[in-house]
1. So ASP47 passes all but one of these: (1) touching a Ser or Thr at 6+ places or on another chain (Cβ under 8 Å); (2) within 16 Å of ligand 2 (Cβ to nearest atom). Which condition number does it fail?
2. For a quick check of your reading of the model, give me the residue pairs whose first member lies in the range 20-40 and is open to solvent by less than 60 Å² (accessible area, probe 1.4 Å) and within 16 Å of ligand 1 (Cβ to nearest atom), whose second is part of a helix (DSSP H, G or I) and among the hydroxyl-bearing types (Ser, Thr, Tyr), with beta-carbon atoms closer than 8 Å and at least 6 apart or on different chains.
3. Can you tell me which of ALA376, ALA393 is outside any strand (DSSP E or B) and touching a strand residue (DSSP E or B) at 6+ places or on another chain (Cβ under 7 Å)?
4. Taking HIS85 as the residue in question, decide whether it is away from ligand 1 (no atom under 14 Å from the Cβ), open to solvent by less than 10 Å² (accessible area, probe 1.4 Å) and touching a residue at least 60 places away in the same chain (Cβ under 8 Å).
5. Of all residues in the range 137-187 being under 26 Å from GLN43 (Cβ atoms), in contact with an Asp or Glu (Cβ under 7 Å, 6 or more places away or on another chain) and of a type in the set (Val, Ile, Thr), which is nearest to ligand 1 (Cβ to nearest atom)?
6. How many residues does the range 313-328 contain that are open to solvent by 30 Å² or more (accessible area, probe 1.4 Å), under 21 Å from LEU150 (Cβ atoms) and away from ligand 1 (no atom under 16 Å from the Cβ)?
7. Quick one: in the range 196-234, which of the residues that are surrounded by fewer than 16 Cβ atoms within 10 Å (Cβ to Cβ) and aliphatic (A, V, I, L, M) is nearest to ligand 2 (Cβ to nearest atom)?
8. Test VAL331 against the criterion of being open to solvent by 30 Å² or more (accessible area, probe 1.4 Å), touching a Cys at 6+ places or on another chain (Cβ under 6 Å) and either within 16 Å of ligand 1 (Cβ to nearest atom) or aliphatic (A, V, I, L, M) (or both), and give yes or no.
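The values are calculated or read from the model by the stated rules, or taken from the named source; none is laboratory data. Source: prediction; values computed, not measured. Neighbour counts run over all protein chains shown; Cβ positions are idealised from the backbone, glycine included. Protein only, heavy atoms only, side chains kept; ligands, DNA and RNA dropped before computing areas. Shrake-Rupley method; radii C 1.70, N 1.55, O 1.52, S 1.80 Å.
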Amino acid sequence: MTSRWRDVAHATGLLADDGTPRATIFAEMSALAVRTGAINLGQGFPDVDGPASVADAARAAIADGANQYPPGPGIPALRHAIADHQRRHYGLVVDPDREVLVTTGATEALAAAVLALVGPADEVLTLEPFYDSYAAVIAMAGATHTTAPLAATPDGFRLDEAALTAAFTDRTRLVLLNTPHNPTGTVLTPDELAVVARLARQHDAIVVTDEVYEHLTFGVPHVPIATLADMAERTLTISSAGKTLSFTGWKVGWVHGPAHLVDAVRTVKQFLTYVSGAPFQPAVAFALGDPGVQAWVDELAASLARRRDLLCDGLTAAGFDVVRPDGTYFVLADASRLGHGDGAALCRDLPSLAGVVGVPVSAFTRAGSSADSALASWVRFTFVKRDEVLHEAVARLQRLA
Ligand code: PMP
Ligand code: GLN
(Lines give C-alpha, C1' and ligand atoms only; values in the text may rest on other atoms or scores of the structure.)
(Ligands and ions follow the chains in the order given, each with its own letter.)
Protein backbone atom coordinates (compact mmCIF):
# COMPACT_ATOMS: atom_id res chain seq x y z
CA MET A 1 0.00 0.00 0.00
CA THR A 2 1.26 3.45 -0.83
CA SER A 3 -0.21 6.56 0.69
CA ARG A 4 -0.27 9.58 -1.56
CA TRP A 5 0.18 12.01 1.31
CA ARG A 6 3.63 10.53 1.89
CA ASP A 7 4.52 11.11 -1.77
CA VAL A 8 3.25 14.68 -1.47
CA ALA A 9 5.13 15.35 1.75
CA HIS A 10 8.26 13.80 0.29
CA ALA A 11 8.03 15.66 -3.05
CA THR A 12 7.63 18.98 -1.27
CA GLY A 13 10.29 18.34 1.35
CA LEU A 14 7.61 18.64 4.03
CA LEU A 15 8.45 15.53 6.04
CA ALA A 16 9.87 16.20 9.47
CA ASP A 17 12.74 13.96 10.67
CA ASP A 18 10.27 11.80 12.59
CA GLY A 19 8.16 11.23 9.46
CA THR A 20 5.28 13.55 10.29
CA PRO A 21 4.17 16.01 7.60
CA ARG A 22 4.85 19.70 8.11
CA ALA A 23 2.84 22.74 7.02
CA THR A 24 3.83 24.56 3.82
CA ILE A 25 6.78 26.91 4.04
CA PHE A 26 4.42 29.89 3.69
CA ALA A 27 2.31 28.81 6.66
CA GLU A 28 5.42 27.98 8.69
CA MET A 29 7.07 31.34 8.00
CA SER A 30 3.87 33.35 8.60
CA ALA A 31 3.48 31.55 11.94
CA LEU A 32 7.11 32.37 12.78
CA ALA A 33 6.40 36.04 12.05
CA VAL A 34 3.33 36.03 14.31
CA ARG A 35 5.20 34.22 17.09
CA THR A 36 8.22 36.55 17.04
CA GLY A 37 6.53 39.82 16.05
CA ALA A 38 8.90 40.05 13.06
CA ILE A 39 7.90 41.85 9.85
CA ASN A 40 6.51 39.23 7.49
CA LEU A 41 8.18 39.51 4.08
CA GLY A 42 7.65 35.77 3.60
CA GLN A 43 4.21 34.74 2.38
CA GLY A 44 3.18 36.81 -0.64
CA PHE A 45 -0.04 38.64 0.16
CA PRO A 46 -0.76 42.39 0.09
CA ASP A 47 -1.35 44.33 3.30
CA VAL A 48 -3.81 46.63 1.51
CA ASP A 49 -7.04 45.29 -0.02
CA GLY A 50 -8.09 45.67 -3.64
CA PRO A 51 -10.46 48.26 -5.19
CA ALA A 52 -13.44 49.32 -3.07
CA SER A 53 -15.70 49.14 -6.13
CA VAL A 54 -14.91 45.44 -6.48
CA ALA A 55 -15.54 44.73 -2.78
CA ASP A 56 -18.82 46.67 -3.14
CA ALA A 57 -19.76 44.47 -6.10
CA ALA A 58 -19.26 41.34 -3.95
CA ARG A 59 -21.35 42.82 -1.12
CA ALA A 60 -24.08 43.71 -3.59
CA ALA A 61 -23.98 40.19 -5.02
CA ILE A 62 -24.55 38.73 -1.54
CA ALA A 63 -27.41 41.17 -0.94
CA ASP A 64 -28.86 40.27 -4.34
CA GLY A 65 -28.87 36.57 -3.50
CA ALA A 66 -25.83 35.18 -5.32
CA ASN A 67 -25.36 32.73 -2.47
CA GLN A 68 -26.12 29.27 -3.80
CA TYR A 69 -24.03 27.01 -6.02
CA PRO A 70 -23.02 28.81 -9.21
CA PRO A 71 -22.98 26.81 -12.49
CA GLY A 72 -20.20 24.19 -12.71
CA PRO A 73 -18.14 25.99 -15.39
CA GLY A 74 -18.57 29.38 -13.68
CA ILE A 75 -21.22 32.07 -14.19
CA PRO A 76 -21.61 33.18 -17.82
CA ALA A 77 -20.79 36.83 -17.00
CA LEU A 78 -17.39 35.82 -15.62
CA ARG A 79 -16.59 33.41 -18.46
CA HIS A 80 -17.41 36.18 -20.94
CA ALA A 81 -15.31 38.69 -18.98
CA ILE A 82 -12.34 36.29 -19.01
CA ALA A 83 -12.66 35.73 -22.78
CA ASP A 84 -12.92 39.51 -23.37
CA HIS A 85 -9.90 40.11 -21.14
CA GLN A 86 -7.78 37.65 -23.15
CA ARG A 87 -8.85 39.24 -26.44
CA ARG A 88 -8.29 42.81 -25.26
CA HIS A 89 -4.90 42.25 -23.65
CA TYR A 90 -3.40 39.55 -25.87
CA GLY A 91 -5.53 39.13 -28.99
CA LEU A 92 -6.45 35.58 -27.95
CA VAL A 93 -9.80 34.39 -29.30
CA VAL A 94 -11.52 32.28 -26.64
CA ASP A 95 -15.02 30.76 -26.69
CA PRO A 96 -16.51 31.65 -23.28
CA ASP A 97 -18.89 28.69 -23.35
CA ARG A 98 -16.57 25.85 -24.36
CA GLU A 99 -13.05 27.06 -23.66
CA VAL A 100 -13.21 28.69 -20.21
CA LEU A 101 -13.55 27.13 -16.76
CA VAL A 102 -13.75 29.08 -13.49
CA THR A 103 -11.86 27.44 -10.62
CA THR A 104 -11.15 27.84 -6.93
CA GLY A 105 -8.07 29.99 -7.45
CA ALA A 106 -5.25 29.16 -9.79
CA THR A 107 -4.31 26.44 -7.30
CA GLU A 108 -7.33 24.31 -8.18
CA ALA A 109 -6.90 24.94 -11.91
CA LEU A 110 -3.29 23.71 -11.65
CA ALA A 111 -4.23 20.67 -9.59
CA ALA A 112 -7.15 19.68 -11.81
CA ALA A 113 -5.08 20.15 -14.99
CA VAL A 114 -2.23 17.99 -13.75
CA LEU A 115 -4.54 15.31 -12.33
CA ALA A 116 -6.56 15.29 -15.55
CA LEU A 117 -3.68 15.08 -17.98
CA VAL A 118 -0.86 12.96 -16.54
CA GLY A 119 -0.36 9.63 -14.83
CA PRO A 120 2.42 7.40 -13.50
CA ALA A 121 4.08 6.85 -16.90
CA ASP A 122 4.44 10.58 -17.58
CA GLU A 123 6.92 13.31 -16.83
CA VAL A 124 5.94 16.87 -15.99
CA LEU A 125 8.63 19.44 -16.71
CA THR A 126 8.80 22.67 -14.69
CA LEU A 127 11.29 25.45 -14.32
CA GLU A 128 13.36 25.32 -11.13
CA PRO A 129 12.94 26.96 -8.67
CA PHE A 130 9.17 26.33 -8.88
CA TYR A 131 6.03 27.28 -6.96
CA ASP A 132 5.50 24.73 -4.20
CA SER A 133 2.12 23.34 -5.25
CA TYR A 134 3.55 22.07 -8.56
CA ALA A 135 5.64 19.35 -6.91
CA ALA A 136 2.68 18.41 -4.71
CA VAL A 137 0.14 17.93 -7.50
CA ILE A 138 2.63 16.12 -9.74
CA ALA A 139 3.16 13.71 -6.84
CA MET A 140 -0.62 13.37 -6.35
CA ALA A 141 -0.90 12.36 -10.01
CA GLY A 142 1.87 9.78 -9.50
CA ALA A 143 3.86 11.38 -12.33
CA THR A 144 7.58 12.15 -12.41
CA HIS A 145 8.72 15.73 -11.89
CA THR A 146 11.60 16.91 -14.08
CA THR A 147 13.04 20.42 -14.06
CA ALA A 148 15.08 22.92 -16.05
CA PRO A 149 16.92 25.58 -14.04
CA LEU A 150 16.54 29.33 -14.17
CA ALA A 151 20.07 30.56 -13.47
CA ALA A 152 21.22 33.94 -12.09
CA THR A 153 22.89 36.01 -14.85
CA PRO A 154 23.66 39.73 -15.22
CA ASP A 155 20.32 39.85 -17.10
CA GLY A 156 18.34 38.29 -14.28
CA PHE A 157 17.33 34.67 -13.78
CA ARG A 158 17.27 33.23 -17.30
CA LEU A 159 16.31 30.02 -18.98
CA ASP A 160 19.22 27.86 -20.11
CA GLU A 161 18.29 26.50 -23.53
CA ALA A 162 20.72 23.59 -23.39
CA ALA A 163 19.47 22.50 -19.97
CA LEU A 164 15.85 22.81 -21.09
CA THR A 165 16.52 20.76 -24.22
CA ALA A 166 18.21 18.09 -22.12
CA ALA A 167 15.31 18.00 -19.66
CA PHE A 168 12.78 17.02 -22.34
CA THR A 169 12.33 13.27 -22.95
CA ASP A 170 9.90 11.06 -24.84
CA ARG A 171 7.87 10.84 -21.63
CA THR A 172 7.46 14.61 -21.21
CA ARG A 173 3.68 14.86 -21.41
CA LEU A 174 3.23 18.25 -19.86
CA VAL A 175 5.27 21.43 -19.46
CA LEU A 176 4.11 23.37 -16.43
CA LEU A 177 5.31 26.88 -17.16
CA ASN A 178 5.10 29.97 -14.96
CA THR A 179 5.59 33.54 -16.17
CA PRO A 180 5.89 36.05 -14.52
CA HIS A 181 7.73 33.57 -12.35
CA ASN A 182 7.45 32.92 -8.63
CA PRO A 183 9.94 33.01 -6.89
CA THR A 184 12.52 34.65 -9.24
CA GLY A 185 10.35 37.47 -10.62
CA THR A 186 11.54 36.59 -14.14
CA VAL A 187 9.26 37.51 -17.02
CA LEU A 188 10.12 35.07 -19.78
CA THR A 189 11.09 36.81 -23.04
CA PRO A 190 9.50 36.00 -26.42
CA ASP A 191 12.77 34.23 -27.36
CA GLU A 192 12.67 32.06 -24.22
CA LEU A 193 9.02 31.25 -24.83
CA ALA A 194 9.82 30.34 -28.45
CA VAL A 195 12.35 27.77 -27.22
CA VAL A 196 9.77 26.24 -24.85
CA ALA A 197 7.18 26.22 -27.63
CA ARG A 198 9.51 24.58 -30.15
CA LEU A 199 10.46 21.81 -27.72
CA ALA A 200 6.84 21.27 -26.62
CA ARG A 201 5.77 20.86 -30.25
CA GLN A 202 8.73 18.62 -31.03
CA HIS A 203 7.88 16.30 -28.10
CA ASP A 204 4.12 16.67 -28.56
CA ALA A 205 3.76 17.94 -24.98
CA ILE A 206 0.86 19.98 -23.60
CA VAL A 207 1.75 23.31 -22.00
CA VAL A 208 0.00 24.41 -18.81
CA THR A 209 1.02 27.99 -18.10
CA ASP A 210 0.52 29.73 -14.75
CA GLU A 211 0.16 33.47 -15.39
CA VAL A 212 -1.27 34.72 -12.08
CA TYR A 213 1.17 37.67 -12.06
CA GLU A 214 0.30 38.63 -15.67
CA HIS A 215 -0.43 42.27 -14.79
CA LEU A 216 2.35 42.74 -12.24
CA THR A 217 5.30 43.48 -14.53
CA PHE A 218 7.68 46.43 -14.43
CA GLY A 219 8.40 47.88 -17.86
CA VAL A 220 8.55 44.57 -19.71
CA PRO A 221 5.60 42.98 -21.47
CA HIS A 222 4.01 39.75 -20.32
CA VAL A 223 3.60 37.41 -23.29
CA PRO A 224 1.27 34.41 -22.92
CA ILE A 225 2.80 31.36 -24.61
CA ALA A 226 -0.64 30.66 -26.10
CA THR A 227 -0.08 33.65 -28.43
CA LEU A 228 2.90 31.96 -30.15
CA ALA A 229 2.32 30.23 -33.49
CA ASP A 230 0.52 26.88 -33.20
CA MET A 231 0.59 27.01 -29.39
CA ALA A 232 -3.05 27.85 -28.52
CA GLU A 233 -4.08 24.35 -29.62
CA ARG A 234 -1.79 22.69 -27.03
CA THR A 235 -1.89 25.25 -24.20
CA LEU A 236 -3.99 25.66 -21.07
CA THR A 237 -3.61 29.19 -19.68
CA ILE A 238 -4.29 29.69 -15.97
CA SER A 239 -4.75 32.91 -14.03
CA SER A 240 -6.56 34.25 -11.02
CA ALA A 241 -8.06 37.38 -9.51
CA GLY A 242 -6.01 37.07 -6.32
CA LYS A 243 -2.84 38.87 -7.38
CA THR A 244 -4.29 41.18 -10.03
CA LEU A 245 -6.95 42.60 -7.69
CA SER A 246 -5.25 42.18 -4.28
CA PHE A 247 -7.99 39.88 -3.05
CA THR A 248 -5.91 36.74 -2.49
CA GLY A 249 -8.50 35.25 -0.13
CA TRP A 250 -11.30 35.23 -2.68
CA LYS A 251 -9.81 32.33 -4.61
CA VAL A 252 -11.41 32.99 -7.97
CA GLY A 253 -9.25 31.53 -10.72
CA TRP A 254 -9.70 30.27 -14.24
CA VAL A 255 -8.27 28.18 -17.02
CA HIS A 256 -8.83 28.48 -20.76
CA GLY A 257 -7.67 26.54 -23.77
CA PRO A 258 -8.91 24.09 -26.40
CA ALA A 259 -12.35 22.67 -25.53
CA HIS A 260 -11.16 19.05 -25.25
CA LEU A 261 -8.48 20.01 -22.71
CA VAL A 262 -10.86 22.24 -20.73
CA ASP A 263 -13.37 19.35 -20.70
CA ALA A 264 -10.70 17.11 -19.17
CA VAL A 265 -9.89 19.68 -16.48
CA ARG A 266 -13.58 20.25 -15.69
CA THR A 267 -14.14 16.51 -15.31
CA VAL A 268 -11.63 16.44 -12.45
CA LYS A 269 -12.43 19.89 -11.05
CA GLN A 270 -16.10 19.05 -10.52
CA PHE A 271 -15.04 16.42 -7.98
CA LEU A 272 -12.50 18.58 -6.21
CA THR A 273 -14.62 21.57 -5.16
CA TYR A 274 -17.48 21.30 -7.69
CA VAL A 275 -17.93 25.11 -7.53
CA SER A 276 -17.07 28.04 -5.26
CA GLY A 277 -17.17 31.80 -4.79
CA ALA A 278 -20.79 32.52 -5.82
CA PRO A 279 -20.78 36.23 -4.82
CA PHE A 280 -17.15 36.75 -5.84
CA GLN A 281 -17.64 35.59 -9.41
CA PRO A 282 -19.88 38.55 -10.42
CA ALA A 283 -17.52 40.93 -8.60
CA VAL A 284 -14.53 39.62 -10.56
CA ALA A 285 -16.57 39.73 -13.79
CA PHE A 286 -17.22 43.42 -13.09
CA ALA A 287 -13.54 44.03 -12.25
CA LEU A 288 -12.15 42.43 -15.42
CA GLY A 289 -14.25 44.69 -17.63
CA ASP A 290 -14.08 47.97 -15.72
CA PRO A 291 -11.65 50.67 -16.95
CA GLY A 292 -11.42 52.20 -13.46
CA VAL A 293 -10.31 48.88 -12.01
CA GLN A 294 -7.80 48.45 -14.85
CA ALA A 295 -6.34 51.86 -13.95
CA TRP A 296 -6.11 50.67 -10.33
CA VAL A 297 -4.21 47.55 -11.45
CA ASP A 298 -1.82 49.64 -13.56
CA GLU A 299 -1.13 51.83 -10.53
CA LEU A 300 -0.56 48.72 -8.41
CA ALA A 301 2.11 47.57 -10.87
CA ALA A 302 3.72 51.03 -10.90
CA SER A 303 3.79 51.19 -7.10
CA LEU A 304 5.19 47.64 -6.93
CA ALA A 305 8.05 48.73 -9.21
CA ARG A 306 8.88 51.51 -6.73
CA ARG A 307 8.57 49.15 -3.77
CA ARG A 308 10.79 46.61 -5.54
CA ASP A 309 13.50 49.26 -5.80
CA LEU A 310 13.08 50.27 -2.17
CA LEU A 311 13.52 46.68 -0.98
CA CYS A 312 16.27 45.79 -3.46
CA ASP A 313 18.31 48.87 -2.50
CA GLY A 314 17.84 48.08 1.19
CA LEU A 315 18.84 44.45 0.78
CA THR A 316 21.93 45.48 -1.21
CA ALA A 317 22.92 48.01 1.46
CA ALA A 318 22.54 45.27 4.08
CA GLY A 319 25.01 43.07 2.19
CA PHE A 320 22.79 40.80 0.10
CA ASP A 321 23.31 40.29 -3.63
CA VAL A 322 19.95 40.75 -5.31
CA VAL A 323 18.63 40.01 -8.78
CA ARG A 324 16.16 42.79 -9.56
CA PRO A 325 12.93 41.17 -10.77
CA ASP A 326 10.88 42.34 -13.76
CA GLY A 327 7.58 41.14 -12.30
CA THR A 328 5.67 39.54 -9.40
CA TYR A 329 5.83 40.44 -5.71
CA PHE A 330 9.18 38.83 -5.01
CA VAL A 331 12.93 39.39 -5.03
CA LEU A 332 15.58 36.73 -4.51
CA ALA A 333 18.59 37.72 -2.41
CA ASP A 334 21.84 35.82 -1.92
CA ALA A 335 23.11 35.88 1.68
CA SER A 336 26.48 34.27 0.99
CA ARG A 337 28.45 37.55 1.06
CA LEU A 338 27.02 38.05 4.57
CA GLY A 339 28.51 34.72 5.58
CA HIS A 340 25.25 32.77 5.51
CA GLY A 341 25.56 29.73 3.25
CA ASP A 342 22.31 28.09 4.35
CA GLY A 343 19.22 30.10 3.47
CA ALA A 344 16.90 27.84 5.45
CA ALA A 345 18.97 28.27 8.62
CA LEU A 346 19.16 32.01 8.02
CA CYS A 347 15.36 32.22 7.66
CA ARG A 348 14.90 30.47 11.01
CA ASP A 349 17.30 32.97 12.62
CA LEU A 350 16.24 36.10 10.76
CA PRO A 351 13.55 37.14 13.29
CA SER A 352 16.13 37.25 16.08
CA LEU A 353 18.93 38.65 13.89
CA ALA A 354 16.88 41.36 12.19
CA GLY A 355 13.19 41.15 13.12
CA VAL A 356 12.22 40.17 9.58
CA VAL A 357 10.86 36.98 8.00
CA GLY A 358 11.72 35.67 4.52
CA VAL A 359 11.31 32.33 2.76
CA PRO A 360 14.32 30.14 1.90
CA VAL A 361 14.56 29.51 -1.84
CA SER A 362 15.25 25.85 -1.00
CA ALA A 363 11.45 25.62 -0.48
CA PHE A 364 11.19 26.01 -4.27
CA THR A 365 13.90 23.52 -5.28
CA ARG A 366 14.38 19.77 -5.16
CA ALA A 367 17.04 18.38 -2.84
CA GLY A 368 20.14 17.51 -4.82
CA SER A 369 19.34 19.41 -8.03
CA SER A 370 21.75 21.88 -9.60
CA ALA A 371 19.34 24.74 -8.83
CA ASP A 372 19.14 23.53 -5.23
CA SER A 373 22.87 23.86 -4.71
CA ALA A 374 23.15 27.08 -6.74
CA LEU A 375 20.42 28.70 -4.62
CA ALA A 376 21.23 27.20 -1.19
CA SER A 377 22.15 30.59 0.29
CA TRP A 378 19.25 32.52 -1.28
CA VAL A 379 16.16 33.94 0.42
CA ARG A 380 12.90 35.18 -1.13
CA PHE A 381 11.44 38.45 0.18
CA THR A 382 8.13 40.00 -0.84
CA PHE A 383 7.68 43.71 -1.46
CA VAL A 384 3.87 43.71 -1.60
CA LYS A 385 3.74 45.62 1.71
CA ARG A 386 3.07 49.26 2.54
CA ASP A 387 6.00 51.66 2.13
CA GLU A 388 6.32 52.25 5.87
CA VAL A 389 6.52 48.49 6.49
CA LEU A 390 9.24 48.13 3.84
CA HIS A 391 11.17 51.12 5.24
CA GLU A 392 11.09 49.58 8.70
CA ALA A 393 12.12 46.15 7.35
CA VAL A 394 15.00 47.67 5.41
CA ALA A 395 16.17 49.58 8.49
CA ARG A 396 16.11 46.39 10.54
CA LEU A 397 17.95 44.38 7.87
CA GLN A 398 20.93 46.78 8.13
CA ARG A 399 21.75 45.02 11.44
CA LEU A 400 23.04 42.14 9.34
CA ALA A 401 25.71 44.23 7.62
N1 PMP B 1 0.71 30.20 -8.89
C2 PMP B 1 1.66 31.01 -8.41
C3 PMP B 1 2.92 31.18 -9.17
C4 PMP B 1 1.45 31.69 -7.21
O5 PMP B 1 2.39 32.48 -6.71
C6 PMP B 1 0.24 31.49 -6.53
C7 PMP B 1 -0.02 32.10 -5.19
N8 PMP B 1 -0.03 33.22 -5.04
C9 PMP B 1 -0.72 30.64 -7.06
C10 PMP B 1 -0.45 30.01 -8.24
C11 PMP B 1 -2.02 30.41 -6.38
O12 PMP B 1 -2.99 31.27 -6.82
P13 PMP B 1 -4.46 31.28 -6.16
O14 PMP B 1 -4.34 31.97 -4.85
O15 PMP B 1 -5.30 31.98 -7.15
O16 PMP B 1 -4.87 29.85 -5.98
N1 GLN C 1 1.58 32.48 -3.52
C2 GLN C 1 1.99 32.96 -2.24
C3 GLN C 1 3.50 32.98 -2.15
O4 GLN C 1 4.19 32.47 -3.02
C5 GLN C 1 1.52 32.14 -1.07
C6 GLN C 1 0.41 31.22 -1.31
C7 GLN C 1 0.32 30.22 -0.18
O8 GLN C 1 0.46 30.54 0.97
N9 GLN C 1 0.10 29.02 -0.56
O10 GLN C 1 3.99 33.50 -1.20
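1. (1)
2. Close Cβ pairs satisfying both conditions: ASN40/SER30.
3. None of the other options fit; the residue is ALA393.
4. It is true that HIS85 is away from ligand 1 (no atom under 14 Å from the Cβ), open to solvent by less than 10 Å² (accessible area, probe 1.4 Å) and touching a residue at least 60 places away in the same chain (Cβ under 8 Å).
5. THR179
6. The qualifying residues number 4.
7. Top of the filtered list is VAL220.
8. In short, no.
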